[in-house]
Structures are given as structure tokens and as C-alpha cells.
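The block underneath contains the structure these notes are about, expressed in C-alpha cells.
No value in this document is a laboratory result; all are computed from the given coordinates. Every value quoted in this text rests on a predicted model; they were computed, and no experiment measured them. Every residue, glycine as well, gets a Cβ built from its backbone with ideal geometry; the counts of neighbours run over all protein chains shown.
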There are 2 protein chains.
Amino acid sequence: MSTKFSMVAAHSRRPAGEDSIFAINNAAQQAAKVHGADKVVNASVGALLEDDGKLSIIPSVIELLRGLPAVEYAAYAPIAGLPNFLEAAKKAVFRDQTPEGYIEAIATPGGSGAIRHTVWNYSNAGDHILTPDWYWGPYKTIAEEHGRFISTYTLFDENDHFHIEAFCKTVEELLQKQDQLVILLNSPANNPTGYSLSNEEWEAVLSFLKQKAANAEKKITLFVDIAYIDFAGKTNECRSFMKLFGGLPENILTIVAFSMSKGYTLYGMRCGAMICITSNQDVAEEFKAANQFSNRGVWSNGTRPAMTVLAQIFENPDLLKKVETERSILQQMLSQRAAAFMENARKVNLKVCPYKAGFFITIPCSNPEAVTQELQKDLIFAVPMGKGIRFAVCSVPEKQCALVPEKFVKAIAKFE
Amino acid sequence: MSTKFSMVAAHSRRPAGEDSIFAINNAAQQAAKVHGADKVVNASVGALLEDDGKLSIIPSVIELLRGLPAVEYAAYAPIAGLPNFLEAAKKAVFRDQTPEGYIEAIATPGGSGAIRHTVWNYSNAGDHILTPDWYWGPYKTIAEEHGRFISTYTLFDENDHFHIEAFCKTVEELLQKQDQLVILLNSPANNPTGYSLSNEEWEAVLSFLKQKAANAEKKITLFVDIAYIDFAGKTNECRSFMKLFGGLPENILTIVAFSMSKGYTLYGMRCGAMICITSNQDVAEEFKAANQFSNRGVWSNGTRPAMTVLAQIFENPDLLKKVETERSILQQMLSQRAAAFMENARKVNLKVCPYKAGFFITIPCSNPEAVTQELQKDLIFAVPMGKGIRFAVCSVPEKQCALVPEKFVKAIAKFE
């Protein structure tokens, strides 16, 4: 806190923060100018890049966007989102794995907006929001912006599986203190670890929550962040866990966050949706009303042209196939990079979090800040986190991914 | 409130509301199908339409948007907004009327996002936000979403000027109860009345606020919503009041909301900015930090392609001229419609709010709901408000604008 003159209300006064990822990315770009881009490993960027460092793009999506009639850019979308977009978003999320229950959707700016509405509408001021100890930093920003706190549990057990005991224990503790509980779970292809819960692990999670929901005072909102699902394996296989969200007690509400950022390479268009699954029709209607009100009360409405593009894709099987074919090239590039990293990590005995799929691999270590600095001497730029280092395989060519694990081993050894 | 099963937290429980403007617009469209579009006056739409009912568009803006390289749609913008967009937004807002002081900008989704951040960061929970009695409905939605209340003062005195006494009295009352005061003022071309404060009226407002700011405990944020400024008169003339925001005490912060929705006909792209003017550098830096944090904590970042379009326009004088030339056709169409309405209102002695410019004319009357219903018998669809009826000259052809005042007189007479 500073003694400088301040105009904001007390709850908005914060120590000056710096975006460390931005700073690291800057340092990597400076290094590329000095040493040449091919000498620098910039693993700080959270977007899928081609080997030449350019952003990966699904061309048919951009083509659709450019080809819209003028009015589609110019006109407002309805507050809740274009109806045909909301239908398309449900299809994009569930594909053939639609759970039983009442399902409603509301457009939001990316997945972030969906998190905001969920945190705000389904928890109380001062409540704790639950995430694993490995989590995407902005979860904390969103919680703090809205006067909530983050509580964490250990994500992995000693066998590198989902730590169900740690999860249950923390849920238990929080439910002793609060009636509303929002649980944020980013799976499959978790950011930052690349972990995906198995269906058995999902079943264990839900079975425990059902037990807790026997207390009718408790209201549990399970928020499933699937930002990376289109890079998490076979379309229906990696969505099969969604069927499990059917038939839950009425005081467990599941909300799935859809985003066009990664799966449709439309990061810059800010288009997503929040989709609820509930066994109680009142809860579904309340979801629609409350989050539509919040849309109007926060950002008014969403980006219409992106909505129309998604609607077009899911109204035309040929278009969908084209998008999927183009996306599969990106998926393959990504999984080859990850495979190269993982294979070499095994060879040199580098301990990594149990990666299944997605944009990031995480290397747990002590002293992540120092290790990250040490790696920069080898022109490797990665992101230090609380208990390890996030390496963005999404933004690093396969050849470099293969060479990096050995460097990690050496850098980590220096500080152990 | 209902007895239905509910999952949301207590602060998000609300009686089911209906969007009345949406319902009226629907009714107008139904009537057009039955009676023919040329027989129906649909004055419910808050966007500028051509005489044939199609959305008015500035073609060169759409052309720029369509012509961007793919990466401009695909890539994220920085959290605070693209730097060249923020510079362009300042130019678009101030033109040659930049006030003295520290000026910073943060990108937001339209003007709505700017209101949200201002209300959240510059007032406390439970505070009252000040607006005139004629105000855009979503001001209330935004306040309520964030646990604030709306307080109003009478906008017009008996001479149809800004009611400075009413304004001062309400500011006085609120500052006795709270230290943080956010004042929302939509001028020039106020929605719904079309009123613009004169520079003398602005001076009176600021002179009073300066007086109140002598109490260093009080922190006053003056939020100026200029959504319709590009339809409010000559470029620099209608911006000349902005010079007055220079040299204010450090505990008066001015925030101007910029939006690309109306002036650039990009409603559907959700791009705007909040721009601060302050005499204290700390306040400007805090503005940047707090609202960037809020961006990350609410919707993450903004619509990049729209930002790039604005940057291009203000980096190229020929492009700017082209946009302005195309916009001037729309401005002329709008002012002819308004002139036709006002001229005929005078002829038939219809009392209207003192319209200066903008999308809407408001007719004060008792029993606005009943009068609106009565007008629908003549196939005139307008929006009832608390103390009158909003007629959207922006969406009604000149010929119809000329015929409507007489119908208003008759309908109002029925209920007086």
C-alpha cells in the first residue's frame, strides 16, 4: 500500500502489481533481437504459435468472419446472446455427450466473463472460491476483484492422480464455514499442468459432492473450465465426462464455460458462453435471468460477428468438418511438441506434472524464480509459478521442446 | 421474490424482470407484418436506421474491419487495450479540446464497461450513484448489479435549462452520507431527452463541485457519458466543454466514456474506453492500475480488431476525413428527422423535453404506459419511461416524424 493520494474506494486499493508473464515475454523478444529468434525459446506465450512464431490460425474461421454482411459487425447482439449462437455453443460444448437435465446458455466475453458471473452470482462477499494449487492466475484476480478469496487443495496425490482426499477435505472445511460454494475446475487439459481428470476421478468428485448436498442448506456450484477441450483428445471421448453432470441433486449446479479463443483461434474477438446443467427447471430459469441481468449490468452484450460465425459452423456439417480438419493440423503440431518434451523429460529424469494434453507442461521445483532466471542464461523463457515453472509447449517448436528438459534438470540442480 | 428453489447468492435474487423495449420492438415488428412496414412507426429502437429500416452503417469502417490481417481478429489485445487504440481513443474523444492534466485511457467493452468499472472502483458498497431523473435504464442495472443505488435530481428547471439547484441539493445530501460520490452525466445529446449542457451549465456544475471538494475527505468522480457526441453538433464546438475538466482539485476525478457503437456504427463489436482527466499524477496512475486490474478480473481484454480500426482511422487523416464524410450523411438524416418532429410539436403545442441533438426525443406526460398503449392503436411504438415517453427519431423516417406529434397530443389528452 502506498501513501500516495488515492481516489478509488478502499476495496479497490491494491499494491502496484506487474504482469510477470508480460515482462518475461518482453525479455524473450529482446533476446531474440540480440541473439536471433531461432536461438531463443519463448515458452511464456499462452497461445498456439507456428514454428516461425506466428499465431496459429484456423483459416476457414477467419474466412467466415470476413465474409459476414456489414450488419453483423454493426448491430448489437441481444443481451443474452444470439439464440442461434447459444444453440451452437451447446453443440460445441457437448457434441454427442449432452447430459440429462435442464440446459441453458448465456453469451459471455470468453471464458473469463463466465467465471466472473459465476463467482459473483453464486457466492457471497468474503466467501472462498475453491481451485487446485495449480491454477490459472486470473482465477485469483477475478475472485479478488469481487471481494472473494481463493482456497486451494493439492491437485496431485503421490501417484500423480487427482488428489481426491485433498479435494474432499477442503470442500468439507469450506462448507463448514459457508453455504454457497463455487468450485473452479479446469479440465481437461488443465492450465498450467496439462492434466485431465479421468471419468473415474470425475465420478469420485461428484459422488462426494452429492454426499455434501444431502445438507439442503448447502449450494454447490461446480464450474468446469473447458478452455482447452479442443486440444484434449478425440472429440467425444474427451467430452464423455459431461454425461456425469446429469441427474445431480438440485443444489449442485454445473456450469461449463465455452470459449472461442483457443478452439476457433478467435482470442481477439472475446466470445464465449456459460452453459448450465441442472436437474431443477427453476434453477435453469434463474441461471438465465440472473446472468442476463449481469450481462446488462457489466458489459451489456457480446461480440455479434463471432457469435454468428459459430452459429454458421454448427448449422453446416461441411463447414464444421472443414474447421475440424484445419484444427487437426494444429492439434497434431501441439501433441508432437508435447511428446518431444515428455520423451526427453523421461530420458533425463526430469520430474513433470502428469501431462495429458493441452498448451502447457509444468515442472514442479523449489525456487522457481531462481530456476527461471537461470534458464534465461540459456535463452529459455518460461513462467515461474508458486510451486514450479510453466512451459508453454503451444508456443515452442518441436525441436526446441526436445532440447529443453535437459536444461531444466541442470538449472533445477543448481538450486536444490 | 419467489418461493422457487434458488441457487444464486442472496444479492443476486431478483424478481423476474422483462425487457420492455424488447417487447415493444417485437410488437412493432408483428404489426409491420400485419399492416405493412410503411404503416408502422417503430420508435423503440436505440440505433440509427435508414428510412427502409436497415441499420445505418459507415461503409469505410466496415471496409477497414474486413481488410485486417487474420492475426488482428485472432490475437488477444493487451489487458489495458492496444496502445495505439488508447491514443486514438483520446484523439476521438477530445479532438482539439484536450483539457490540461494527466490523461490515461483503458479499453472497455463499449461505454457500459466504463460505467461498470467507475461504479465499482470509485464508490463503496451501498453508496448512491447520482443521475438526473431522465436517465438510460441500464445505469440502474449496473448500479444494482454491484450493490449500489441510484439517486436522482430533476434534470430541467421551469425554463427547460439544467436544474443546477436540484443538482447541487442532491450532491449536498449525498455527500453528507458518503465520502465517495460517482456522478453519471450523459451529455451532450442525452439519452433519452436529447439535452446538452451548455458550457455555462458545465461551469456551474464544476464550480459547485469544487466548493464541495474543499472538504478533502470527499472524493468526487464525475463520469461523462458521451455515447452520442458524434451526433451532437460541430466536432470541436460540441467538445469545447471538455477543456473545463482541466485544473480541477485532485479529489475531483473526471472520467469520459468513449464508445465505437454509435459514432463508428460498430455496436456489435463492443469496443470503447474510459479516459481520465486529473490534476494529480498519482490519481492517473491509480486509474490505470485499478481499471486494468478490473479488466483482468471481469472480462480479461477487449475486441482487438475494433481497436485496430480506430487506430488506423486516427493515424491517417484521409481515412478520418472519409469516415467523417460518410458520418455526416447520417448526421444530416438524423437532424432532419428531429427538426421535422420538433417543428410539428411546436405547431400542435406538444410539450417535449428541450432537445438539442441525438437519437431520442422525450415527451413528458402523466400515465406514460397508457399513452404508449393508446399510440399503438395508431401503430406508433414508443417506449414508456417513468415520467414520459421516449421517441427514437434515430429509427423513424422524417415523414413519419412529422406526423407523430399530433398523435401524441391526442393520446395524451385522453389520459389527463
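General observations
- Pseudo-label separations to other copies for B:Arg346 - Cα-to-Cβ vector, 7 Å, nm: 8.6
- In nanometres and ascending order, the distances from the B:Arg95 label point to those of the other copies are 5.4 (point 7 Å from Cα along Cα→Cβ).
- Order of B:Thr303, A:Thr3, B:Thr325 - criterion: other Cβ atoms within 10 Å of each residue's Cβ, fewest first: A:Thr3, B:Thr325, B:Thr303
- Inter-label distance, nm, simple model (7 Å from Cα along the C-beta direction), B:Glu203/A:Asn26: 4.4 nm
- Net charge of Cβ neighbours under 14 Å - reference A:Pro305; Lys, Arg +1; Asp, Glu -1: +3
- Note on the range B:78-315: Kirkwood radius taken over Cα pairs, Stokes-Einstein applied at 25 °C and 0.890 mPa s, translational D equal to 139 µm² s⁻¹.
- Taking a point 7 Å from the Cα of B:Ala16 along the Cα-to-Cβ direction, the residues of the range A:259-303 with backbone N closer than 15 Å to it are A:281-293.
- Average beta-carbon neighbours from other chains, 10 Å sphere, peptide B:120-132: 2
- Basic side chains Lys and Arg get +1 at the Cβ, acidic Asp and Glu get -1 at the Cβ, and with that the dipole of the range A:78-315 about its Cα centre reaches some 780 debye.
- 27 Å tail of the calculated P(r), the range B:115-245, as % of Cα pairs: 15 percent
- Counting only the Cα atoms, the range B:284-406 fills a convex hull of 190 Å³ per residue.
- The range A:75-89 - phi-based ³J(HN,Hα) in whole Hz, Karplus 6.51/-1.76/1.60, Gly and Pro as x: 7, 5, 7, x, 3, 7, x, 4, x, 6, 5, 4, 5, 5, 5
- Whether the range A:210-270 is rounded, prolate or oblate, judged on the alpha carbon gyration tensor where a/c under 1.5 counts as rounded: oblate
- Cα centroid separation, the range B:126-151 to the range B:199-223 (Å): 20 Å
- Contact order relative to length of chain B, as percent, for alpha carbon pairs under 8 angstrom and 6 or more apart: 25 percent
- Label point 7 Å beyond Cα along the C-beta direction, distances from A:Gln281 to other copies (nm, shortest first): 6.4
- Those GluC sites (Glu not before Pro) in the range B:159-241 that DSSP places in a loop and that have at most 14 other beta carbons within 10 Å: B:Glu217
- Amide H contacts of A:Ile129 (H built 1.01 Å from N, in plane; Pro and chain starts excluded): A:Phe149, A:Ile150, A:Ser151 sit under 5 Å, all sequence-distant by 5 or more or on other chains.
- R0 of 51 Å, Cβ-Cβ distance A:Glu87-B:Ser240: FRET efficiency to nearest 0.05: 0.55
- In chain A, helices alone account for a calculated mean residue ellipticity at 222 nm of -13500 deg cm²/dmol, with every DSSP H run of four or more residues adding -39,500 (n - 2.57).
- Test item: B:287-299 mean partner chain Cβ contacts at 10 Å: 6
- Pairs of alpha carbons in chain B whose separation is greater than 29 Å (percent): 47 percent
- Length-normalised contact order of the range A:78-315 in % [C-alpha pairs under 8 Å, at least 6 apart]: 32 percent
- Positive contributions from Lys and Arg (+1) and negative ones from Asp and Glu (-1), summed over other residues with Cβ under 14 Å from the Cβ of A:Phe258, come out at +2.
- Phi angles across the range A:19-32 convert, under the Karplus curve 6.51 cos²θ - 1.76 cosθ + 1.60 with θ = phi - 60°, into 3J(HN,Hα) values of 7, 5, 4, 4, 5, 5, 4, 4, 4, 5, 5, 4, 4, 5 Hz, Gly and Pro given as x.
- Chain A: most fluctuating residue of A:His11, A:His117, A:His163 per GNM, C-alpha cutoff 10 Å: A:His11
- Residue-wise HN-Hα couplings along the range A:276-281, as the Karplus relation 6.51 cos²θ - 1.76 cosθ + 1.60 with θ = phi - 60° gives them from phi, are 9, 10, 8, 8, 10, 4 Hz; Gly and Pro carry x.
- Mean per-residue shielding of peptide A:46-53 is 1, counting Cβ atoms of other chains within 10 Å of each Cβ.
- Relative to the 2.2 N^0.38 Å rule of thumb, the range A:1-86 has a C-alpha radius of gyration ratio of 1.78.
- Global dimensions of the protein assembly as shown from alpha-carbon coordinates: Rg and Dmax equal 27.4, 90 Å.
- Distant-in-sequence amide H partners of B:Leu266 (H built 1.01 Å from N, under 5 Å): B:Ser261
- Exposure proxy for A:Ser335, B:Ser328: other Cβ atoms within 10 Å of each Cβ, ordered fewest to most, give B:Ser328, A:Ser335.
- Label point at B:Ala339 placed 7 Å out along Cα→Cβ; residues across the range B:210-249 whose backbone nitrogen lies under 16 Å: B:232-234
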